[in-house]
Amino acid sequence: MFINYFNLCGKTAVVTGGNRGLGGAMAYGLAEAGADVAIVQQSAKETEVVQNIRDLGRKCEVFTFDLSETRRLPELVDSIIESFGKIDVLVNNAGVQRRSPAVEFSEEDWDFVIQVNQKAVFVLCQLVGKKMIEQGSGKIINLASLLSFQGGYTVPAYAAAKGAVAQFTKSLANEWASKNVNVNAIAPGYMATEMNTALMGDEARSRQIIERIPAGRWGTPEDMIGAAVFLASRASENIHGEIITVDGGWMG
C-alpha cells in the first residue's frame, strides 16, 4: 500500500534540538512513523517529548551536547552510532537567534549564531553524510527559513546563516544524489515557538504578520511533521536539493 512509502520502521533518526518546539514535534512524528530517535540537546534533562516517544515503543536517547563546540562533533556522531548502530535520517533543527540593529550587532553574537546555525550544520552533514555514503543510503533534512529567501529585520546573522543553509543543501544534493543520499530542507514560516515569543507579544507586529499570512494564523510545531516524515521516507526517494516551505502560504 502507498502508506508503506512513509514507513520508517527499522530506521534511526537524529534530531538536533529535538527536545521541544519544532524539533520536538518532528522527533515525535518520525517516531510515530516507526523510527528510533536520538535527540541532541544542550540540557541533560529529559523532556516530555522523550517519554512520549518511548511510550510509542521506540528507542529514544538524549545526547547532551553544545553545538557551538563544533570540534567535538565527531565524538557526538560516534556516540550515536555506538548506541544505535547507524544513522538513517539526520534533521539539523537546532538553532539560535540574536536580535539587534545591524550597526549595533556585536561580533560575538555574529560568531555564535553562525557557529550554531551554519557551521554545526556543515560539520554534521559532512560527518553523517560520509557514513550514509558508506552504507549506501540516507536522508538529511536541514532547517532553512523564510529568511533563506528574504532579508529579515534586525537579524543579520540569522539571515546570513539560513541563506547559507539553503545553498549548502543544494550543493550537497548535487554531490550526493548519485550516492543515494537525499539532502533537502524545510523552511518554516512564522511559528508559535519560544524563539518568536517577543514577536507574538508585540500586538501590532503580530497582527501585521498574521494579516500577511494567507492561512491567517501562526504556524504550530505540529505543522512540520508531514514535511519531515515525507523527506525522511522513501516517498521522497527522487527529491534532492528542495526547500519545502511550511509557512501558511507566505511565500506563495
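In the range 92-135, which residue that is part of a loop (DSSP other than H, G, I, E, B) and under 14 Å from the mean Cα position of the chain (by Cα) is farthest from E69 (Cα to Cα)?
Top of the filtered list is N93.
Scan the range 166-201 for residues that are assigned to a helix (DSSP H, G or I), touching a helix residue (DSSP H, G or I) at 6+ places or on another chain (Cβ under 8 Å), within 28 Å of A215 (Cα to Cα) and in contact (Cβ under 8 Å) with a residue 12 or more places away in the chain and report the count.
Of the residues in that region, 4 qualify.
Name the residues in the range 178-188 that are within 16 Å of L90 (Cβ to Cβ) and open to solvent by 40 Å² or more (accessible area, probe 1.4 Å), would you?
Residues satisfying the conditions are K179, N180.
Restricting the first residue to the range 115-143 and requiring it to be of a type in the set (D, E), which pairs with a second residue that is open to solvent by less than 10 Å² (accessible area, probe 1.4 Å) meet a Cβ separation below 6 Å and a spacing of at least six or different chains?
none
Quickly run through the range 52-79 and pick out the residues that are hydroxyl-bearing (S, T, Y) and part of a helix (DSSP H, G or I).
T70, S79
Does N174 satisfy the condition of being more than 20 Å from G23 (Cα to Cα) and not hydroxyl-bearing (S, T, Y)?
Taking the combined requirement at face value, the residue satisfies it.
Looking only at the range 211-237, which residues are assigned to a helix (DSSP H, G or I) and within 15 Å of the chain's Cα centre (by Cα)?
Within the range 211-237, P221, E222, D223, M224, I225, G226, A227, A228, V229, F230, L231, A232 meet the criteria.
Condition check ((1) surrounded by fewer than 18 Cβ atoms within 10 Å (Cβ to Cβ); (2) among the small types (G, A, S)) across all residues:
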{"residue": "A94", "(1), (2)": "no, yes"}
{"residue": "F112", "(1), (2)": "yes, no"}
{"residue": "F122", "(1), (2)": "yes, no"}
{"residue": "I133", "(1), (2)": "yes, no"}
{"residue": "P156", "(1), (2)": "no, no"}
{"residue": "Y190", "(1), (2)": "no, no"}
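Listed here are the residues, each with its yes/no results for (1) among the aliphatic types (A, V, I, L, M); (2) within 21 Å of V116 (Cα to Cα).
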position: V155; (1), (2): yes, yes
position: K162; (1), (2): no, yes
position: V165; (1), (2): yes, yes
position: S171; (1), (2): no, yes
position: I186; (1), (2): yes, yes
position: N196; (1), (2): no, yes
position: R217; (1), (2): no, no
position: E222; (1), (2): no, no
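Examine the range 32-42 for a residue that is within 18 Å of the chain's Cα centre (by Cα), within 23 Å of Y158 (Cβ to Cβ) and modelled with pLDDT under 95, and state whether such a residue exists.
The answer is yes; a qualifying residue exists.
Given the structure, is V49 more than 19 Å from P221 (Cβ to Cβ), outside any strand (DSSP E or B), of a type outside the set (D, E, K, R) and modelled with pLDDT of 95 or more?
The answer is no for V49.
Checking the condition out of contact with any strand residue (DSSP E or B) (no Cβ under 7 Å at 6 or more places or on another chain), without any contact (Cβ under 8 Å) to a residue 40 or more places away in the chain and open to solvent by less than 60 Å² (accessible area, probe 1.4 Å), which residue from A161, A204 passes?
Unique residue meeting the criteria: A204.
For the range 216-250, which residues satisfy the criterion of being open to solvent by 60 Å² or more (accessible area, probe 1.4 Å), at pLDDT 95 or above and under 25 Å from E203 (Cα atoms)?
The answer is E222, and nothing else.
Across the range 44-68, what is the number of residues that are out of contact with any strand residue (DSSP E or B) (no Cβ under 9 Å at 6 or more places or on another chain) and hydroxyl-bearing (S, T, Y)?
1
Only residues that are closer than 24 Å to N7 by Cβ and either in a loop (DSSP other than H, G, I, E, B) or touching a Cys at 6+ places or on another chain (Cβ under 9 Å) (or both): list them for the range 27-46, please.
The answer is A27, A31, A33, G34, A35, D36, V37, A38, I39.
The values are calculated or read from the model by the stated rules, or taken from the named source; none is laboratory data. Everything quoted here is computed from the prediction, not taken from an experiment. Cβ sites come from the backbone with ideal geometry, for glycine too, and all protein chains shown count toward neighbours. Please note that ligands, DNA and RNA were not included when accessible areas were found on the heavy atoms of the full protein model with its side chains. Shrake-Rupley method; radii C 1.70, N 1.55, O 1.52, S 1.80 Å.
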